[in-house]
1. Using a Gaussian network model of the chain whose springs link C-alpha atoms within less than 10 Å, name the residue from Asp61, Asp238, Asp292 with the highest mean-square fluctuation.
2. To the nearest 0.05, what FRET efficiency results for Leu379 and Leu357 with a Förster distance of 41 Å applied to their C-beta separation?
3. At 222 nm, what value in deg cm²/dmol follows for the chain if DSSP H runs of at least 4 each add -39500 (n - 2.57) and the sum is divided by all its residues, to the nearest 500?
4. At 7 Å along the Cα-to-beta-carbon direction for both Ser104 and Asp265, put a label point, then send me their distance in nm to one decimal.
5. Using unit Cβ charges (K, R positive; D, E negative) and no other charged atoms, how large, in debye to the nearest 20, is the dipole of the chain about its Cα centre?
6. Nearest 20 debye, what's the magnitude of the dipole of region 136-252 about its Cα centre given +1 on Lys and Arg Cβ and -1 on Asp and Glu Cβ?
7. Return the carbon/sulfur percentage of the accessible area of region 136-252, one whole number, probe 1.4 Å, all protein chains in place.
8. Subtract the Cα-Cα distance of Ser240 and Ser93 from 0.36 nm times their separation in residues, and report this length gain in nm to one decimal.
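The values are calculated or read from the model by the stated rules, or taken from the named source; none is laboratory data. Predicted, not measured: the structure shown is a model, and the values here were computed from it. Every residue, glycine as well, gets a Cβ built from its backbone with ideal geometry; the counts of neighbours run over all protein chains shown. Remember, those area values only see protein heavy atoms, side chains included, never the ligands or the DNA or RNA. Shrake-Rupley method; radii C 1.70, N 1.55, O 1.52, S 1.80 Å.
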Amino acid sequence: MTKTVVVLGAGMAGLPISHYLLSHTTTSVPDLRVILVNPSDEFYWNLASVRAVVPGQLSEDKYLWSIPKLFAKYPSDKFEFLAGKAETLSPDSNSVVVALNDGSKRSIDYHTVIIATGSDSKDGMPWKTVGTSQQTRAALAKLQQGIKDAKSIVVGGAGTTGVEFAGELGTVYAKAGTKAVTIISADTLPLESRVMESTRSTAKSELERLNVKFIAGAKITNVTEAGGQQVLELTKKDGSKTALKTDLFVPTFGMVLNTQFAPRDMLDAQGQLQQDKYLRAPKYKNVFVLGDAGNLEAKQAAMLENQIRHLAKQFDSYFKSGQVEEYKFDPSKVMLGISIGSGRGTGQVGTWKPFSLIMWFMKSRHLGTDKAMDIAAGLRTFGGKW
Ligand SMILES: Cc1cc2nc3c(=O)[nH]c(=O)nc-3n(C[C@H](O)[C@H](O)[C@H](O)COP(=O)(O)OP(=O)(O)OC[C@H]3O[C@@H](n4cnc5c(N)ncnc54)[C@H](O)[C@@H]3O)c2cc1C
């Protein structure tokens, strides 16, 4: 009997695992059928979004690809793509209702579901996909135009996305003195507190080298409009407030987890899907959770890479006997690569801070766009060949 595997989400976790099921697992499990559900019919290489939003820096063919075209090589009785979103998951009855982009709904009974619905950026910012491909493209175009028109830009938030985006703006504009670029950090240094101080200090000095102004220890507590500009209210830790005017304010903080379709008892207190040591939803042996939607590891492609590789190795035995091996990982290890413009970078591997030249070679020069097409096509993953 046909085993229907529904993959929810075609991001960095869901897209490669769907390819793997179709290109590898179907050889040993021929009665497999994969249904991939995603609101956008394009795969978005969001790791390069910080550069894609800067006008003229990256052509679309480096970060957007049609999902139906990428999967056209598989037989139509083995694969189906649904442009839409999971609306209600009913793990007790092995079914999921999908709200399709055309307004209709479809209920699917599954043998196995793989949840890889990840997270979106707040405020409709295109650091991740923004709903449908039209919505993502519109968000990209709006930000590109805003950047083009602005003489001053304030980047809100100095996490990885904020630092990388400010680095792009610094390289293209602030260094040349054509636009003023400021970044606002809630902490005294950029990046998360789990990152080593030396890496955080380097990120700050690299940004300043590019003429990016770093404002430390302030939160953006209100944004209003006046005289064609945006006025940011900055609140310091001691409660004092100042106003900062800018042509364009670009928020980079916060994320929205895409897990609302799952029953409440599958979620943790933060709204993340619970993952057990087999990468499954506790209680359900046929519900796997991968990537940013889950609560096991840091929300990074580097972590989900290990998860998808582990799960891919389990498929043969899982579909034949239901057996899966435990997923092993080191929760304490920090692995981070941060680009600061196209020429420099910093990072952390365990307790080691790689040199800027290494980070340029590994990340900043391409932001993964040299590999993304092959990942999109299912020929490899973030970490290498299958
Ligand atoms: C600017 C930026 C740079 C980054 N750089 C790095 C880096 O250099 N290295 C690194 O390790 N990590 C990096 N990350 C983190 C990395 O992007 C994420 O860890 C990764 O994208 C998570 O992949 P995912 O597939 O789990 O989720 P997502 O990428 O969020 O994909 C989930 C997909 O599911 C879809 N979806 C949402 N809701 C539903 C639904 N109800 N039904 C069906 N589909 C749905 C979404 O539209 C999306 O297509 C970066 C993140 C950002 C924002």
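1. Asp238
2. Working: r = 28 Å, r/R0 = 0.69.
Computed FRET efficiency for Leu379 and Leu357 comes out at 0.90.
3. Values: 9 runs with 88 residues, N = 386.
So the helix-based figure for the chain works out to -6500 deg cm²/dmol.
4. Modelled inter-label distance: 3.4 nm.
5. Details: 46 positive and 37 negative charges, 150 e Å.
Dipole magnitude for the chain comes out near 720 debye.
6. Numbers: 16 positive and 12 negative charges, 29 e Å.
The calculation lands at about 140 debye.
7. Values: 2680 of 5250 Å².
Looking at region 136-252 in its full context, I get 51 percent from C and S.
8. Details: separation 147, 0.36 × 147 = 52.92 nm, distance 5.47 nm.
So the chain would gain 47.4 nm between Ser240 and Ser93.
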